[in-house]
Amino acid sequence: MRIATRLLALFALTLVAACGQDSKPVAKVEGGPALWQVQRGELNGWLFGTIHVLPKGVAWDTPAIKEAMGASDRLILEAADLQDEQKTLGLFEKMGRSPGLPPLEKRVPDGEKAALRKAMADGGTNSQLLSGYESWAAAMLLSAASQQGLGVSQSDGVEPVLIETYKKAKKPIGGLETVERQFAAFDTLPETAQSALLVQTVHEAKGMKALYDRILTAWSKGDMEAIAKEDKVGEQPDPVVEEAILVARNRDWVKAIEPMKGRPFIAVGAGHLTGRENLIELLKTQGYTITRVQ
């Protein structure tokens, strides 16, 4: 499974402020992203797989999605406070930095040092800038740097549109977790796992554009099978990393959903809806009926 397919959205959403401002609009892709109805007891809502950063002009809000949004009584995001850029970047700086860290090159195996230097140079950054960060935070920054040429932006992503729509409708907006919880999943990793994440980020930096394009095409069509296959290509993640930043968070999200009633529109990254112990499968084990509606 490619780490980048799961973390791409988080990296870009939190750290790429406004890249791709001059990108050309892209054509509408038929089909539309995946949408499910979620039912159990007094809950009758929707689950939507998002992509957090997009090029201009992606027509993802199909009639089915608009209908679900209109019928819902609130919006639930991964972390509602992630939209507070000042808070997010402040937490990243606080949690991602530590005094007395060794140079970044010393945190990867000797055979990876040259590739690390190249990835930093290609992304327009360097060891002096990144070495003050813990390895997980440096990996995020390096991944964000490699995304600068993708022609995408947070402002063109799904979440800002959802937030604006629900604010205009005067419907409440909540989150399954906090941005601090998201960063804590990385911050609590042992250094060996952080180093593995850094190395895999280096390996995937060169092919980021092609990877993103494939994911965008699959997401726009609602092709979850293609997204799942993409996860299985390339290097396998460190199991400690996978457990902490994917599986454990999915389990926590199920706990956050369990007390919900009414008609929430739950929007999370599409990468959380495929793979081992994904959110859909975990909800099914708790007795939820999950029906694909788009």
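One line per residue, one yes/no per condition, for (1) within 13 Å of Met224 (Cβ to Cβ); (2) among the hydroxyl-bearing types (Ser, Thr, Tyr); (3) assigned to a strand (DSSP E or B); (4) touching a Gly at 6+ places or on another chain (Cβ under 9 Å):
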| position | (1), (2), (3), (4) |
| --- | --- |
| Ile245 | no, no, no, no |
| His272 | yes, no, no, yes |
| Gly275 | yes, no, no, no |
| Lys284 | no, no, no, no |
*When you scan the range 94-113, how many residues do you find that are surrounded by 12 or more Cβ atoms within 10 Å (Cβ to Cβ) and either under 20 Å from Met208 (Cβ atoms) or of a type in the set (Asp, Glu) (or both)?*
4
*asked:* Any residue at all in the range 211-228 that's farther than 29 Å from Thr165 by Cα and either exposed (fewer than 14 other Cβ atoms within 10 Å of the Cβ) or not hydrophobic (A, V, I, L, M, F, W, C) (or both)?
replied: yes
*Among the residues of the range 97-144, write down those that are under 21 Å from Gly207 (Cα atoms) and touching a Phe, Trp or Tyr at 6+ places or on another chain (Cβ under 8 Å).*
Trp136, Ala137, Met140, Leu141, Ser143, Ala144
*Looking only at residues in the range 34-75 that are under 15 Å from the mean Cα position of the chain (by Cα) and assigned to a strand (DSSP E or B), which one is modelled with the highest pLDDT?*
Phe48
*Report those helices (runs of 4 or more DSSP H) wholly inside the range 110-154 carrying at least 1 residues which are at pLDDT 90 or above, over 22 Å from the mean Cα position of the chain (by Cα) and of a type outside the set (Asp, Glu).*
113-122, 127-130
*Which of the residues belonging to the range 233-261 are touching a Ser or Thr at 6+ places or on another chain (Cβ under 9 Å) and at pLDDT 95 or above?*
Val254
_I want to confirm something. Restricting to the range 199-229 and keeping residues that are assigned to a helix (DSSP H, G or I) and free of Cβ contacts under 8 Å to residues at least 12 places away in the same chain, which single residue is farthest from Gln294 (Cα to Cα)?_
Ala210
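The values are calculated or read from the model by the stated rules, or taken from the named source; none is laboratory data. Everything numeric in this text was worked out from a predicted model, so none of it was measured. No Cβ is skipped: glycine too gets one built from the backbone with ideal geometry, and neighbour counts run over all protein chains shown.
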